[in-house]
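Working notes for the structure below.
The values are calculated or read from the model by the stated rules, or taken from the named source; none is laboratory data. Not measured: the values here are computed from a predicted model. Because the Cβ atoms are built from the backbone with ideal geometry, glycine has one as well, and the counts that use them run over all protein chains shown. For the accessible areas, the whole protein counts, side chains as well, though only heavy atoms, and no ligand, DNA or RNA atoms are used. Shrake-Rupley method; radii C 1.70, N 1.55, O 1.52, S 1.80 Å.
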Amino acid sequence: MVVSDWMDRGLAYAEACFETFRVIHGEVFGWEQHMSRLADGLACFGLALDAEGLAALQSAVHGTATGDDMLVRVTVSGGVSEWGLQRRASSLRIHVQSMPYIGSGTADLEAREWPFPPKPRPAKFTSDYAETLRALATAGRREPLFTHAGNILCTATANVLLYRQGGWWTPAAGNGIVPGVIRGFLLQHGVREAVCPVEWLADCEAMLLCNSGSFLRPVVRIGEHQLNPGHTAIAALRQPLRNQPGVPGSF
């Protein structure tokens, strides 16, 4: 037991944002985009990492990710302060977690209604995971694909890409959907964003989950609808990512 009037504000009040990504042979795909999104999230709390803090963060990432392919999560909190919602810490605190990347295989999904009113998610706030954990606590055995009011949102940790009628689509960023770094890159290479109704799940030919850990993860089933994880459209979508810095060589 720890008895103290001082506590990390990320733990006490969820005053924190995070970014998760792979470090492959010392390189990160979309580093600038990750840092920009992190800055946007911190700004929502009235916080900012100065140049010294950003340099320390980058040094900590490379000092921790010592393998050839590591999954890294960086969390920046409001720092340590005395008890009190209106308090401010003298400096922010950077937490870095790192582990060898082991892969995630294919996804087997079940559509489930998101149980809370969706809200804007311009960045990765640690507070959002509190709702996600509550939603997962009532989820079934299969990985949930969250929907709301008849539209597709995302999974617990990934954006969604659907291939139907000859094109790739992704739910438009906004309430309930984080503008992912991989998703943003693919929007520049042929993927279109739109409000995606749940009915699209019945006629899509292929589906991928995308995030900065797995990059593109094929879905083999959604509900009772079988999907083709080897669809030629998936190989075509992978092409722009190949040979990019920070992308696995086997991609």
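Data table
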quantity: Counted charge near His34, where neighbours are those whose Cβ lies closer than 12 Å (Asp, Glu -1; Lys, Arg +1); calculated: +1
quantity: Unit charges on C-beta of K, R, D, E only; dipole of the chain, Debye; calculated: 180 debye
quantity: Net charge contributed by nearby residues that have their C-beta within less than 13 Å of Ser127 (K/R +1, D/E -1); calculated: +2
quantity: For Ala111, distant residues with modelled amide H under 5 Å away; calculated: Leu145, Gly223
quantity: For Cys154, distant residues with modelled amide H under 5 Å away; calculated: Phe146
quantity: Spatial extent of segment 169-251: Rg and Dmax, with the Cα atoms as the point set, Å; calculated: 13.1, 38
quantity: Debye intensity ratio in log₁₀ form over the Cα atoms of segment 51-101, taken at each q of 0.18, 0.23, 0.24 Å⁻¹; calculated: -0.63, -0.83, -0.87
quantity: Calculated Rg and Dmax of segment 81-155 using C-alpha coordinates, Å; calculated: 16.9, 46
quantity: Residue-normalised accessible area of segment 136-203, given per residue in Å² at a 1.4 Å probe; calculated: 42 Å²
quantity: Residue-count net charge about Phe116 - beta-carbon cut-off 14 Å; Lys, Arg +1, Asp, Glu -1; calculated: +1
quantity: For segment 18-31, 3J(HN,Hα) per residue [Karplus equation, 6.51 cos²θ - 1.76 cosθ + 1.60, θ = phi - 60°, Hz, x = Gly/Pro]; calculated: 9, 9, 10, 6, 8, 10, 10, 6, x, 10, 10, 6, x, 3
quantity: Gain on full stretching of the segment that runs from Val198 to Ser104 - 0.36 nm per residue minus C-alpha separation; calculated: 31.3 nm
quantity: Solvent-accessible area, 1.4 Å probe, carbon plus sulfur percent, for the chain; calculated: 54 percent
quantity: Probe 1.4 Å - accessible area at Thr75, Å² to nearest ten; calculated: 20 Å²
quantity: Nearest-10 value in Å² for the accessible area of Asp50, using the 1.4 Å probe; calculated: 90 Å²
quantity: Probe 1.4 Å, all protein chains present, accessible-area order of Lys119, Lys124, largest first; calculated: Lys119, Lys124
quantity: Degrees separating the helix 126-137 axis from the principal Cα axis of the chain, which is the longest one; calculated: 50 degrees
